[in-house]
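> I'd like to ask you about the structure that follows.
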Amino acid sequence: MVSASATKVEGEYSFLNKNSPLDQFEGVKTHLYYFGAEHGNDNLKSFACSERSDPNLLDTILLSQWDNFAWKGHLDYDVTACQLKVIEGGRNFVCQLNNKWNSFFLKEYDKFFESFGYLKPNSMKRYVLLCIAQGENDRPEVAPSSSPPKDGLLVIANAHPVEYGHVFLVPSAMINQVSCYGDKRMFQLATKIASEVNNAAFRVFFDSGISVVSDHMLFQACYFANPLPVESTSTFTVYDGKARAGIIVSETVDYPLKALVFTSNNLQALVSVVSEISSSLHDNTTAYSLLISNNGTKVFLFPQVKNLATGCSLSAWECGGYFVYHTKFDFDSASETEISSRMSSVSLHASAFEDLKHLCCAIADDLVT
Amino acid sequence: MARSGAAEADPPGEREHRRLAASLTARYSDWVLEALDELPGSFLLTDPALPGHPIVYASRGLAALTGYARRDVLGRNARLFQGAATARAAVAGVREAVRAHRPHQVPILNYRRDGSPHWVLLHLAPVFHAGDGRVLHFLAVQVPIAAAKRRTHPSCAAASGAVLAACREEARVEEDFPCAAHTGKVFVDMDKRGLEAEEPRVASDSEKEMAISMAESIVSALNRYSKLTGLVVSRKRCDSVGIPALSSSLNLSLGRIKQSFVLTYSCLPDMPIIYASDAFISLTGYSREDILGCNTRVLNGPDTSLEVLEEINQHICSEQACTVDLQSYRKDGSSFRDLLHVSPIRDASGKVSFHIWVHLDMGAKHDFSGLTPEVWQLGAVAAVRVAVRGLSASGSLLRPSQ
């Protein structure tokens with residue numbers, strides 16, 4: 001069954017045009033992970049959460065593929081050799097000293113993914129660690145594969161990791177230059193990955209402002225051993241839809257960057273609400289970042305004003321309270337005050353945030369009925 | 001008559017006696033000897049800080065059990081009770097426990113002064129300095145193990161007693177003074193003679209409990225008479241001594257990793273095991289009390305390839321990861337084909353502080369969901385890499401040892 005479905009993918013979807021350079025993709029041995037099928041209900045946790053004595057399958061593949069990749073020397077540096085510290089003060093911001101990392105990489109990655117779009121497989125194929133797609137069988141399964149699935153996500157190693165296990169989650173449709181921005185299914189897959197990995201350290205990120213090629217939908221994910229500061233910050237419930245679809249919208253209290261938090265054990269409801277809000281923000285040309293945490297049951301939304309002074313907004317992990325410094329001096333002198341002011345400089349103004357909050361409550365109310 | 005060997009050994013002089021007595025009286029009041037003398041049973045205290053790790057105290061009950069008077073044993077190493085037919089594995093276990101500073105209980109075939117063998121349950125317990133965690137003494141309690149059935153040839157052991165005594169004397173001398181091995185040339189095939197009658201014995205639960213309760217009352221006597229001002233002598237679990245304990249948050253994260261592995265701590269000499277996963281415990285049969293603080297070589301045995309061990313060593317030295325296939329041994333002595341992955345692990349400061357050793361029993365059935373065992377092992381390695389990047393409020397992963 002596994003091999004049958006893998007073959008089917010190969011045969012049916014001919015985006016692997018024999019004349020295109022993507023043929024070479026077939027030479028790449030990679031794993032294809034299929035989620036177990038859903039049975040009408042949203043009880044997505046049935047497999048991922050079951051208390052088994054075996055290690056979690058998706059978590060294990062992701063971790064081992066990344067570790068193997070790192071040990072083979074394909075990354076620019078060993079992120080585990082980078083020192084971490086917690087900054088003094090009540091918020092426990094975490095910072096990392098990493099002289100090989102800088103935010104320009106984000107722009108380089110734009111080029112990287114542009115080249116992606118122009119079908120330059122040689123530059124990216126070796127970075128593909130895994131493909132993930134929705135399966136049809138009851139249980140999740142893994143098959144060796146040489147071709148990416150049509151409606152899946154490619155897990156691509158980030159050669160400049162910000163933390164252990166840093167990957168891009170790229171819709172495979174992007175290879176075909178098919179715009180999939182705002183594709184709810186991709187957001188659903190990304191959230192489902194967070195859920196299925198079922199490891200508290202695993203977080204998925206999305207930055208609307210990262211890509212100048214704005215039609216591309218690009219998620220990132222990595223493993224943080226500690227909770228991010230925003231995750232431990234106190235929140236205030238602004239919409240309680242627990243009784244209806246189990247979704248709660250809250251806002252952070254006293255966090256320098258205004259944020260909304262969507263919590264639900266119902267993945268479908270969570271995905272519907274957040275993707276609807278995302279597309280409203282996109283239409284509104286509001287920059288925002290998402291942080292999917294707590295095994296896919298919690299989504300933090302950080303709306304941002306474009307900062308004209310620096311020209312770029314904070315990345316999702318920075319919104320969460322995790323910062324990388326590339327000089328020892330900056331690392332040593334990093335302070336809570338400095339970080340807080342960086343955050344509040346991109347934070348939405350009170351009135352705009354109020355509007356967004358009302359919009360979120362309205363969308364949540366609409367969608368869960 | 002059988003003790004010709006003992007006569008050759010330097011009889012402890014007055015000075016020697018004082019030196020041994022000082023081992024106790026320096027740490028306890030002079031009354032400690034009287035207090036210990038009142039305790040029933042056969043037990044010894046040894047001082048690992050003195051050369052040769054000699055016996056510094058022997059109980060009144062020892063003479064009744066072994067035939068050795070106190071003056072016969074003071075100043076000597078406790079291995080004088082061992083003999084030709086004493087199981088090497090049992091002795092190795094005792095040695096390992098001494099080395100790792102942990103309690104140990106084992107049935108062992110000892111020899112009386114007259115050379116006759118007898119089974120005792122040896123209960124060994126380190127006695128720690130509560131202040132700095134140093135080992136002050138080892139306590140060795142000997143509880144005779146009753147025979148399950150009557151011995152069939154009671155005369156055999158006695159008849160060969162003299163010869164055996166000579167044999168084991170030679171063995172002992174060789175261990176104590178390797179260069180003096182030539183003094184005895186009587187190492188003949190006498191070893192096994194008369195010993196068929198002595199099948200290995202298993203201590204009953206009541207004997208085990210008796211050994212433990214004796215040890216407890218001895219330690220509490222030592223406690224009463226401790227004169228280390230404010231620093232009572234106490235028995236502690238080995239994981240709180242010598243090796244630092246992991247922070248509870250790290251323990252929790254590591255506990256979620258299902259594969260069979262141990263972590264060794266690179267910042268201490270001999271890289272002691274600092275964490276063992278549940279799967280490792282069930283794979284090898286060692287308990288955490290057994291294994292924490294030990295070097296991973298406890299899993300080695302006769303068929304463990306030295307070349308492979310050397311290969312691992314080289315990879316560790318060059319901070320490289322390696323996967324090897326070797327023969328490892330469980331606590332019960334049974335062996336298994338071990339697919340072993342060893343990799344250095346950096347902590348949140350970026351330094352290599354740990355090594356992970358992921359063991360996989362190749363003989364057992366595994367469900368890897370279509371993946372290779374290596375993927376399974378690397379998954380554990382990676383999960384540990386993530387876990388040790390955790391920061392605690394104090395900035396350290398380790399709780400300071402006392």
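> With a Förster radius of 30 Å, plug the Cβ-Cβ distance of residue B:314 and residue B:267 into 1/(1 + (r/R0)^6) and report the FRET value to the nearest 0.05.
For residue B:314 and residue B:267, the calculated efficiency is 0.90.
> Remind me, relative contact order of the stretch B:248-393 in percent, using alpha carbon pairs under 8 angstrom and six or more residues apart?
Across the stretch B:248-393, relative contact order equals 24 percent.
> With a ≥ b ≥ c the root eigenvalues of the C-alpha gyration tensor of the stretch A:326-369, is it rounded (a/c under 1.5), prolate (a/b larger than b/c) or oblate?
Verdict is prolate for the stretch A:326-369.
> Evaluate the distance, in nm, between pseudo-label points positioned 7 Å from the Cα of residue A:88 and of residue A:352 along their respective Cα→Cβ axes.
Those two pseudo-labels are separated by 3.5 nm.
> Using alpha carbons only, how many angstrom separate the centre of the stretch A:238-264 from the centre of the stretch A:324-351?
25 Å
> Still on this model: Using alpha-carbon pairs under 8 Å, 6+ residues apart, how would you state the relative contact order of the stretch B:42-97 in percent?
It rounds to 27 percent for the stretch B:42-97.
> Still on this structure: Using only the Cα atoms of the stretch B:248-393, build the gyration tensor, take square roots of its eigenvalues as a ≥ b ≥ c, and label the shape rounded, prolate or oblate: rounded if a/c is under 1.5, else prolate if a/b is larger than b/c, else oblate.
Judged from the Cα gyration tensor, the stretch B:248-393 comes out rounded (a/c under 1.5).
> Also: I'd like the Karplus ³J(HN,Hα) series for the stretch A:160-166: coefficients 6.51, -1.76, 1.60, θ = phi - 60°, whole numbers in Hz, and an x wherever there's a Gly or Pro.
Calculated HN-Hα couplings, in order: 10, x, 8, 7, 4, x, 5 Hz.
> Could you check the simple spin-label distance between residue B:209 and residue B:31, using points 7 Å along Cα→Cβ, in nm with one decimal?
Distance between label points: 3.1 nm.
> Moving on to the next point. Which ³J(HN,Hα) values, rounded to whole Hz and listed in residue order, are derived for the stretch A:283-293 from phi using the Karplus coefficients 6.51, -1.76 and 1.60 in 6.51 cos²θ - 1.76 cosθ + 1.60 with θ = phi - 60°, glycine and proline given as x?
4, 7, 6, 8, 6, 8, 10, 10, 10, 9, 9
> Continuing with this model, one more query. Through the Karplus equation 6.51 cos²θ - 1.76 cosθ + 1.60, θ set to phi - 60°, convert the phi angles of the stretch B:32-47 into ³J(HN,Hα) values in whole Hz; use x for Gly and Pro.
Each residue of the stretch B:32-47 in turn: 4, 5, 5, 4, 5, 4, 7, 7, x, x, 9, 8, 10, 10, 10, 10 Hz.
> With the crude spin-label approximation of a point 7 Å out along Cα→Cβ, what separation in nm comes out for residue A:237 versus residue A:134?
In this crude spin-label approximation the distance works out to 3.1 nm.
> Let me ask something else about it. Rounded, prolate or oblate: which fits the stretch A:225-369, taking a ≥ b ≥ c as square roots of the Cα gyration tensor eigenvalues, rounded meaning a/c under 1.5, else prolate when a/b beats b/c?
Here the stretch A:225-369 falls in the prolate category.
> Sticking with this one: Here is the link list: A:328/A:357; A:192/A:258; A:184/A:242; A:192/A:242. Which ones come out longer than 31 Å on Cα distance?
Beyond 31 Å between Cα atoms: A:328/A:357.
> Shifting gears a bit: Can you give me the Cα centroid spacing of the stretch B:12-77 and the stretch B:292-331 in angstrom?
About 39 Å separates the Cα centre of the stretch B:12-77 from the one of the stretch B:292-331.
> OK, next. Using only alpha carbon pairs under 8 Å that are at least six residues apart, calculate the relative contact order of the stretch B:75-143 and give it in whole percent.
24 percent
> Which order do the peptides A:341-352, A:261-272 come out in when sorted by mean C-beta neighbours inside 10 angstrom, highest first?
Ranked by mean Cβ neighbours within 10 Å, highest first: A:261-272, A:341-352.
> While we're looking at this one, here's another question. Quick one: go through the stretch B:331-365 and flag any residue whose amide nitrogen is under 17 Å from the point 7 Å out along the Cα-to-Cβ line of residue A:328.
B:349-351
> Hey, another quick one. In vacuo Debye scattering of the stretch B:264-308, one point per C-alpha: log10 I(q)/I(0) at q = 0.24, 0.30, 0.33 Å⁻¹?
Cα-only, vacuum Debye calculation for the stretch B:264-308: -0.91, -1.08, -1.13.
> Determine the gain in length on full extension of the stretch residue B:249-residue B:99; use 0.36 nm per residue of separation and subtract their C-alpha separation, reporting nm with one decimal.
Going from the current span to full extension adds 51.0 nm.
> Count the net charge of all other residues whose Cβ sits under 9 Å from the Cβ of residue A:276, scoring Lys and Arg as +1 and Asp and Glu as -1.
Residues close to residue A:276 contribute a combined charge of 0.
Read the figures in this text as sums done on the coordinates, not as results from a lab. This one's a predicted model, so the numbers in the text were calculated from it and none came from an experiment. Note that each Cβ is placed from the backbone with ideal geometry, even for glycine, and that neighbours are counted across all protein chains shown.
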